[in-house]
Amino acid sequence: MCNSFMCFGVVSFFWCVFMYFPIIQVFSGNLFGPSYFMDYWVVGFLVLTAGIILRSRLWIRLTKWKTRDEDEEQEKGTKKGMIPKGSLGWPVIGETLAFIACGYSSRPVTFMDKRKSLYGKVFKTNIIGTPIIISTDAEVNKVVLQNHGNTFVPAYPKSITELLGENSILSINGPHQKRLHTIIGAFFRSPHLKERITRDIEASVGLTLDSWAQLPVVHVQDEIKKMTFEILVKLLMSISRGEDLEILKLEFEEFIKGLICIPINFPGTRLYKSLKAKERLIKIVKKVVKERQVATAERKNSPANDAVDVLLRDVSDGASSDKQSQPLDFVSGKIVEMMIPGEETMPTAMTLAVKFLSDSPVALAKLVEENMDVKRRKLESGEEYNWSDYMSLSFTQNRINGSANSNVCFTPFGGGQRLCPGLELSKLEIAIFLHQLVTRYSWTAEEDKIVSFPTVKMKRRLPIRVTPVERTSHIPVEDH
């Protein structure tokens, strides 16, 4: 039940479509906005109608192509490896409708399960006009994740390449991708950052939870998104709460809506609106990068404060002519792209944590006990919390992980060269949030359900009522 679904092949659609229980989305971002589905069903209906009218002609042509190229394809298959069994579905739309229908059901993995039973763990299909190979085999997925770009390379829907560009972090491969991954990962793990970011996250979480206690009802899903975006932007650009952050968030939300959409770019379409939002977003970020460029040159030997510093120093030291010819554009573009993972993944993980703890009083009591032990020790010693304090919370970290790191069946943070460089930082942020929530507050959650498609979220945004508490001992936790 823990196999990850890894999409790859000639043109891969998603690196991960679904995980089994719990359902995890590796590909983050608001993939399908409401406007997308309105456009999609209108266009889909027209395409389907046209397909029915021209069906006989299309299938005749496809049959002729198959007959003409049969020997050639068989020879290629012998040399390069056979394409797995499966079905490409209808012309143009493939099996998209079945994929979406299963996604909205109570069992979204039935799309995979049905084809797995028919064709095996690895099979071919066609989603949104893109022929792909889907693997539900953990060992195969491990090979794909650990390859170094020699066999498998990233490929994404046209709307993503249109929106992010050909040189985006998602698309680059080889030494360039490896270097970028290395320098960003090293920065996220640096002792200098660990100390500072721990304080920053604690402050942001504290302010957020204090505000929750003043509200009659808190919609956790929305409020956590605000908090995680604030933390991420401070880490990337050192921008704190204020008007600039609010404008940045509004433009980013408009931009991210077009990540997966009908790839048609003219006024009024989703892609057009998102591309315009990206232009405005880049302009805001470029202003910050330009100001920092001068300051970075003056303090070259001091530790980097954020991702902008890291990238600017890499540009000045690197051998890439593209980076050196347009350093502001290069750095600004990469900063915008690095905002994407924080839009859905972290808020979803934290929201689901609150949901599951609300439904599991025994687990909540255990979490309170462990975190209160650490809090008491810190109060007695008078010491500040540090990174290792939060990482040493074994029960808390087990709830965050759901599996041992060596388990190839569960890879929510990717793997190999595509392993999330912010993995440890993500765990720290969730641990700090849970620590402050369970040691300072109690809450009562209203009834809500998990929606698994198009992204994992709560149907009612998880409304709760928060009450401050003073926990000085192992107080029994009320049944939520």
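The values are calculated or read from the model by the stated rules, or taken from the named source; none is laboratory data. Computed from a predicted structure; not experimentally measured. Glycine gets a Cβ as well: all are built from the backbone with ideal geometry, and neighbour counts include every protein chain shown. For accessibility, only protein heavy atoms count, side chains too; no ligands or nucleic acids. Shrake-Rupley method; radii C 1.70, N 1.55, O 1.52, S 1.80 Å.
Heavy atoms of the protein chains alone define the surface here; on that basis region 175-468 has 45 Å² accessible area per residue at 1.4 Å probe size. For region 83-136, the alpha carbon convex hull comes to 63 Å³ per residue, rounded to a whole number. Modelled label positions at Ser106 and Val451, each set 7 Å beyond Cα in the direction of Cβ, lie 1.8 nm from each other. Surface composition of region 92-207: carbon and sulfur atoms hold 58% of the protein heavy-atom accessible area at a 1.4 Å probe. Averaging Cα coordinates gives a centre for region 322-396 and one for region 120-168; these two points are 29 Å apart. Each Lys and Arg Cβ is given +1 and each Asp and Glu Cβ -1; about its Cα centre, region 175-468 then shows a dipole of about 620 debye. For Asp210, the accessible surface of its heavy atoms amounts to roughly 70 Å² (probe 1.4 Å, protein chains only, rounded to the nearest 10). For region 83-136, the solvent-accessible area of protein heavy atoms averages 45 Å² per residue (probe radius 1.4 Å; ligands and nucleic acids excluded). Of the cross-linked pairs Lys257/Lys334; Lys178/Lys287; Lys114/Lys225, those separated by over 26 Å at the C-alpha level are Lys178/Lys287; Lys114/Lys225.
The stretch between Lys276 and Lys378 holds 31.8 nm of extra length on full extension. This uses 0.36 nm per residue minus the Cα-Cα distance. By the equivalent-ellipsoid construction on the alpha carbon gyration tensor, region 162-255 comes out with semi-axes of 29, 19, 11 Å, ordered largest to smallest. Note on Lys276: aspartates and glutamates with a C-alpha under 15 Å away, same-chain residues under 8 apart excluded, are Glu162, Glu251, Glu253, Glu254. Taking GluC sites (Glu not before Pro) across region 86-185, the ones in a DSSP loop with at most 10 further Cβ atoms lying within 10 angstrom of their Cβ are Glu166. Projecting the Cα atoms of Pro91, Met112, Cys102 onto the charge dipole of region 83-136, computed from C-beta unit charges around the Cα centre, puts Met112 farthest toward the positive end. Placing +1 on the Cβ of every Lys and Arg and -1 on the Cβ of every Asp and Glu, with no other charges, gives region 265-377 a dipole of roughly 420 debye about its Cα centre.
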